[in-house]
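Notes follow once the structure below has been shown.
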Amino acid sequence: MLERLDGRFLVTFLAVWKEGTISGAAAKLGYVQSTVTAHIQLLEQSCGQKLFHRLPRGVKPTEAGEKLARYARQFAQLGQSLQEALNSLEQPRGAVWIRALESFYVTRLTGLFRPFLAQYPEVSLHLETGFQGDIVEQVLSHSIDFGIVPKNPMREELLFEPLIEEKMVLISSAELARTIAMQGWEQLQGVQVIGFGPRCLYQTDGYKILTEMGMPAEIRQAEFPSTELIRQLIKNGMGIAYVPEIALERELAEGTVVALPMTQPLRLTHGLLQHRDRVLNTPAKVFRQELLDYFNESTSRLKINRS
């Protein structure tokens, strides 16, 4: 089958798969629509499978198309790596695709990006936000180079490299904490479990812990899109959140928020996730090493400060 495949057809296939229309793929690739249609037809002949359902408004991948997409992405990524190797670039050049929790970017990675991009000006970092489940799926499908997740998914196909251990806390305003301590959960009104929603590991784990601590089932979960908004809502007494301690480190020190008592301290280990079969391009290799070094240095500084 391999000898019948043309790399251009796979690139065209990926454009159609992503854009969802022949016209959109043609515009992206700089082709006329008939060329895109011809590429897809020739690819279907080579594969012996129909790859797209033709719909009134666009196309939808068939089951065969979905399977081909995974290998086509690997093909495109290998082609990029080959180009870099042949060019023998002295300076890493190209894109790195990363996906992580929004709160992890805000609290842990801002100190890395500026010096990294200053040292490697021809590397572009494509940062996307997500949650544990969809980050794992993106890595499995070779849609991104790396994911950063709060728990090891324990999948054979994936390599998980620990970065940092996070102390997790249940946070509320000082006033709300006093109310809970004096009157119990039953007297609370208008209180919510605040977080990024049911897809977020923090919120689902936090709700479970609070339920075990006696929180009534009728207290609802509320979903918000950013770490800063969650921080402000907690400070204003709107609810309780289960978050890494670092997310509200300043507010905890100032006493504007407090950590609710838990039966035992809880920790999560964030780690770098990549597919074992993924061939990393030069920028991705450089980013991985810089990221591991950055967290090794951060951990060493933390140990020195504690001693």
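The values are calculated or read from the model by the stated rules, or taken from the named source; none is laboratory data. Treat the numbers as computed from the prediction; the structure is a model and nothing was measured. Please note: Cβ atoms are built from the backbone with ideal geometry, for glycine as well, and neighbour counts cover all protein chains shown.
Listing for the model above:
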| item | result |
| --- | --- |
| Residue in region 194-205 that is modelled with pLDDT under 95 and part of a strand (DSSP E or B) present | yes |
| Residue that is nearest to F287 (Cα to Cα) [pool: residues in region 137-191 that are buried (at least 17 other Cβ atoms within 10 Å of the Cβ) and charged (D, E, K, R)] | D145 |
| Residue match in region 92-110 (condition: part of a helix (DSSP H, G or I), more than 23 Å from the chain's Cα centre (by Cα) and modelled with pLDDT of 90 or more) | no |
| Members of region 238-269 that are crowded, with 17+ Cβ neighbours inside 10 Å and assigned to a loop (DSSP other than H, G, I, E, B) | M238, L260 |
| Top-ranked residue of region 1-60 - restricted to ones that are of a type in the set (K, R) and outside any strand (DSSP E or B), ranked as surrounded by the fewest Cβ atoms within 10 Å (Cβ to Cβ) | R57 |
| Only one of E165, E128 that is modelled with pLDDT of 90 or more and within 21 Å of L252 (Cα to Cα) | E165 |
| Sole residue being in contact with a Lys or Arg (Cβ under 6 Å, 6 or more places away or on another chain) and either under 30 Å from L229 (Cα atoms) or of a type in the set (S, T, N, Q) (or both), chosen from S46, S103, S23, S124 | S46 |
| Residue list for region 221-237, filter: in a helix (DSSP H, G or I) and in contact with a Ser or Thr (Cβ under 7 Å, 6 or more places away or on another chain) | T227, I234, K235 |
